[in-house]
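Nothing in this text is a laboratory measurement; each read-out follows from the coordinates by a stated rule. Since the model is a prediction, treat every value here as computed from it, not as a measurement. No Cβ is skipped: glycine too gets one built from the backbone with ideal geometry, and neighbour counts run over all protein chains shown.
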Amino acid sequence: MNLKKYIIPVIFLLTGVFIASALFKCGGKNEKTVEDTQIINHEIRRLNKMIVIEQNYSAFRTKKYADFNIKYLDFLNKNIVLYITAKAQVTYDMKQMKIEIDSVDKKIHIVSIPEPELNVYPNVEIYSMEEGLFNNFSKAELNQVMNEGKDDICKEVEKSSLKALAHNQLISNLRDLYTMAKLYHWQIVDDTPYAKELQTVKD
């Protein structure tokens with residue numbers, strides 16, 4: 001009879017300890033999840049900035065008009081030298097990135113990343129100009145040669161490494177997010193074309 005008197009309180013005590021321990025673990029887990037989510041969100045906010053890679057270009061362009069036989073009538077011909085400068089920018093507007101956070105299942109879903117935008121701001125100046133005897137530049141010819149100079153510098157920018165530099169910067173920024181997610185045991189679901197380049201980080 002005395003034994004039963006002590007068994008029941010012990011059972012209640014153990015039950016209380018078990019429930020308190022479970023609640024403590026659950027509370028600690030929730031606090032850890034909230035903390036991890038805050039860190040992940042901070043990394044995403046850091047990523048949501050404009051990526052801008054900028055370079056300056058300059059070149060001389062010579063345009064010769066061989067309207068007459070150079071050997072005998074070169075003094076009638078004309079030519080012009082242009083000095084062309086340009087500021088070129090490649091931008092990724094990461095504020096337009098679509099990303100979803102699932103804090104319950106600890107998933108980061110990168111839905112889309114905006115395409116890069118290339119902007120070129122050329123400026124053309126006449127460095128030197130020689131007009132032939134009775135063979136002057138018309139306004140239309142000057143406009144044409146200056147537009148050709150702008151087209152030339154734009155083509156040079158297209159062939160340059162500017163886009164590659166911007167792409168590398170984007171991958172570097174995304175790699176930071178991948179690394180952070182892996183560190184905190186979050187899963188990244190990446191639907192963008194850049195996922196293959198970051199697979200090694202994910203693994």
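Backbone geometry of segment 52-63 corresponds, through the Karplus equation with coefficients 6.51, -1.76 and 1.60 at θ = phi - 60°, to 3J(HN,Hα) couplings of 10, 10, 10, 9, 10, 10, 8, 6, 9, 10, 10, 10 Hz, x marking Gly and Pro. Measuring nothing but how far apart in sequence close Cα pairs (under 8 Å, 6+ apart) lie, relative to its length, segment 36-202 scores a relative contact order of 27 percent. Each Lys or Arg adds one and each Asp or Glu takes one away; over the other residues whose Cβ falls under 15 Å from the Cβ of residue 199, this sums to 0. Using 20 Å as the cut-off for backbone N distance, which residues of segment 187-203 belong to the label zone defined by a point 7 Å from the Cα of residue 98 along Cα→Cβ? Those under the cut-off are 188-196. Computed packing ranks the peptides 177-190, 81-94 as 81-94, 177-190, most packed first, by mean other Cβ atoms within 10 Å. For segment 161-177 versus segment 80-109, the spacing of their alpha-carbon centroids is 9 Å. Amide H contacts for residue 99 (H built 1.01 Å from N in the peptide plane; partners 5 or more residues away or on another chain; cut-off under 5 Å): 111.
Using a cut-off of 27 Å between Cα atoms, the listed pairs 98/202; 107/163; 95/150; 95/163; 95/196; 98/150 include 107/163; 95/150; 98/150 as exceeding that distance. Ordering 113, 169, 92 by Cα displacement along the dipole of segment 36-202 toward the positive end leaves 169 in first place; charges were set at the Cβ atoms of Lys, Arg (+1) and Asp, Glu (-1).
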